[in-house]
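A.B. asks: The structure is given below, and queries will be raised subsequently.
The values are calculated or read from the model by the stated rules, or taken from the named source; none is laboratory data. What you see is a predicted model, and the numbers here were worked out from it, not measured in a lab. Cβ placement follows ideal geometry from the backbone for every residue including glycine, while neighbour counts extend to all protein chains displayed. Note: accessible area is taken over every heavy atom of the protein model, side chains too, but ligands, DNA and RNA are not part of it. Shrake-Rupley method; radii C 1.70, N 1.55, O 1.52, S 1.80 Å.
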Amino acid sequence: DTGVSQDPRHKITKRGQNVTFRCDPISEHNRLYWYRQTLGQGPEFLTYFQNEAQLEKSRLLSDRFSAERPKGSFSTLEIQRTEQGDSAMYLCASSSHNSPLHFGNGTRLTVT
Amino acid sequence: GENVEQHPSTLSVQEGDSAVIKCTYSDSASNYFPWYKQELGKGPQLIIDIRSNVGEKKDQRIAVTLNKTAKHFSLHITETQPEDSAVYFCAASDPPGGSNYKLTFGKGTLLTVNP
């Protein structure tokens with residue numbers, strides 16, 4: 001499978017714990033995006049990278065959230081001190097010059 | 001920033017009928033409009049997209065129309081089949097590769113095709 005891969009698919013954590021998600025984009029794609037999707041809503045933009053540079057962050061990305069793409073390949077999204085309001089599907093997508101966004105199947109986070 | 005409104009939120013049709021989903025956008029600078037289909041437990045999958053230099057695009061049973069003056073675009077699915085049942089999202093942005101390529105999505109339409 002050469003699509004966007006996300007790990008884990010599901011994560012259940014207790015309030016206050018830290019969690020980290022991983023995204024492996026399509027190999028030739030230089031742009032990588034993180035979106036958040038809550039029930040009954042469309043995906044909401046969080047942040048994106050071009051190669052290893054983080055070019056934009058949404059105001060939705062509080063200081064408890066941090067994303068990295070250290071070598072311009074895979075990316076991680078970390079949430080510190082999780083809150084119940086962080087429960088959502090976290091989607092990763094990638095694209096390259098002139099190609100549309102390709103999404104992974106997401107990581108569903110449940111904070112209890 | 002961009003704001004995308006999508007209607008209806010739910011749509012139920014009989015197999016073989018047509019389905020139409022409509023979206024409006026606020027930023028006149030947007031010129032790329034994709035539609036995604038999301039099945040339960042999966043990420044959104046691109047089904048068709050249109051750029052502002054054309055008014056209509058077709059791909060088999062799916063078509064998209066764009067009225068840039070009115071800032072609205074629509075998805076048309078003909079001869080619907082049960083496997084078309086899913087949530088459909090419209091989005092608006094700069095085109096892929098552009099400096100502001102960052103999709104803003106509508107809230108989605110749950111389409112149910114009844115056999």
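A.B. asks: Let me check something: with ligands and nucleic acids excluded, how do B:ASP27, A:ASP86, B:ASP49 order by accessible area (1.4 Å probe), largest to smallest?
C.D. replies: B:ASP27, B:ASP49, A:ASP86
A.B. asks: Something else about it: State which entries of A:LYS71/B:LYS107; A:LYS57/B:LYS58; B:LYS42/B:LYS68; A:LYS14/B:LYS37; A:LYS57/B:LYS107 exceed 24 angstrom in Cα-Cα distance in the structure shown.
C.D. replies: Beyond 24 Å: A:LYS71/B:LYS107; A:LYS57/B:LYS58; B:LYS42/B:LYS68; A:LYS14/B:LYS37.
A.B. asks: Quick check: the distance between the Cα centres of region A:63-79 and region B:33-70, to the nearest angstrom?
C.D. replies: 30 Å
A.B. asks: Follow-up. If you put +1 on each Lys and Arg Cβ and -1 on each Asp and Glu Cβ, how big is the dipole of the protein assembly as shown around its Cα centre, in Debye rounded to 20?
C.D. replies: 540 debye
A.B. asks: Cα-based Rg of chain B per 2.2 N^0.38 Å, rounded to two decimals?
C.D. replies: This ratio for chain B stands at 1.02.
A.B. asks: On the accessible surface of chain B, probed at 1.4 Å, how many percent belong to carbon and sulfur atoms?
C.D. replies: About 47 percent, which is the carbon plus sulfur part of the accessible surface.
A.B. asks: Taking θ as phi - 60°, what are the ³J(HN,Hα) couplings along region A:58-69 by the Karplus curve (6.51, -1.76, 1.60), each to the nearest whole Hz, with x for Gly and Pro?
C.D. replies: Once θ is set to phi - 60°, the couplings for region A:58-69 become 6, 5, 5, 7, 5, 6, 7, 9, 9, 10, 9, 9 Hz.
A.B. asks: Might you report the magnitude of the Cβ-based charge dipole of region B:33-97 about its Cα centre, with Lys and Arg at +1 and Asp and Glu at -1, to the nearest 20 debye?
C.D. replies: That gives a dipole near 240 debye.
A.B. asks: Assuming a ≥ b ≥ c are the square roots of the Cα gyration tensor eigenvalues, decide whether the protein assembly as shown counts as rounded (a/c under 1.5), prolate (otherwise, with a/b larger than b/c) or oblate.
C.D. replies: prolate
A.B. asks: Let me ask something else about it. Once the Cβ-Cβ distance between A:THR13 and A:PHE74 is put in as r, and R0 is 30 Å, what FRET efficiency do you end up with, to the nearest 0.05?
C.D. replies: 0.90
A.B. asks: Would you calculate the separation in nanometres between label points at B:ALA70 and A:THR110, each defined as 7 Å from the Cα along the Cα-to-beta-carbon direction?
C.D. replies: 4.4 nm
A.B. asks: Averaged across the residues of A:84-95, what count of C-beta atoms belonging to other chains lies within 10 Å of each residue's C-beta?
C.D. replies: Average per residue, whole number: 1.
A.B. asks: Given +1 on the Cβ of Lys and Arg, -1 on the Cβ of Asp and Glu, and no further charges, what dipole in debye does chain B carry about its Cα centre, rounded to the nearest 20?
C.D. replies: 300 debye
A.B. asks: Within a 10 angstrom radius of each residue's Cβ in B:96-109, how many Cβ atoms of other chains show up on average? Whole number is fine.
C.D. replies: Per residue, the number of nearby Cβ atoms from other chains is 5 on average.
A.B. asks: Averaged over peptide B:46-55, how many Cβ atoms belonging to another chain are found within 10 Å of each residue's Cβ?
C.D. replies: Per-residue shielding by partner chains comes out at 1.
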